[in-house]
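The values are calculated or read from the model by the stated rules, or taken from the named source; none is laboratory data. These figures come from a predicted structure and were not determined experimentally. Here Cβ is always computed from backbone atoms with ideal geometry, including for glycine, and neighbour counts include all displayed protein chains.
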DNA sequence: AATTAAGTTAGCTAAATTGCTAAATAGACT
DNA sequence: AGTCTATTTAGCAATTTAGCTAACTTAATT
């Protein structure tokens, strides 16, 4: 279960155009990230997820992207794995599941009437 | 369907402690908002959702709460309905459904393997 | 051992955000 | 008409955010 501060941190991480696009990019994996499609497909994942490759696709300096990625990692929406001197990045699917569940519960509770509704007879 | 900018706007609206708490407060409806529990329960909803009543529960000035609510309304996460000179506020359940669906789809696509995963054999 | 490659940290600036108070607006009620 | 209630707008200050370049660290390669 995600506590309030963690949820806020997650929303904050996704509530910025640059980070949102980076996140989409990471989530799309190899397809969106590949800059050299002459490489064999098996190699795409490795290419796709390293920081400098992500940075190349944005009009921002590498340290800027690096800082955004750190913020996203701290929010647990991505996982960064060091492999040799590269860092591989993937979406944190467990967090996505938690967030999905959180909104589903909200909607369910609302529809079950646990939550009050303003009715226009007032 | 929510476009990218709208999604970012929604996450931004929820990515702030004050707004997040206001949102929770609105979602909880009458219970959380009621400051006079001697009033009949039927009256709770009306009390609960007006701006000044929400503001009373936070250590912030009313205009501050008002501006936060505007931001949340612009993001379509709440609905503000004018009734006489009060404004009633309720969560926008349609937006919550869309967001829930958006994360569910993300997870589903990931689990169906549409999205690449980094595997440790690299 | 030196060089190259991949990321991070530090320090700066500009812009955006979040709070405030005071003043303005809109509507309801005497 | 005048007053009260509910909310918004304007303008200000403090803080945070988001970008940059330059310098540093770490690890791989020559």
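Figures for the structure shown
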item	result
Qualifying position, being surrounded by 15 or more Cβ atoms within 10 Å (Cβ to Cβ) and at pLDDT 95 or above, among A:62, A:2, A:14	A:14
Pairs, first within 13 Å of another protein chain (Cβ to nearest Cβ) in segment B:57-78, second outside any helix (DSSP H, G or I) and more than 9 Å from DNA strand D (Cβ to nearest atom), C-beta under 6 Å, six or more apart	B:72/B:78; B:77/B:92; B:78/B:91; B:78/B:92
Filter result (more than 8 Å from every other protein chain (Cβ to nearest Cβ) and within 11 Å of DNA strand C (Cβ to nearest atom)) within segment B:79-97	B:82, B:84, B:85, B:86, B:87
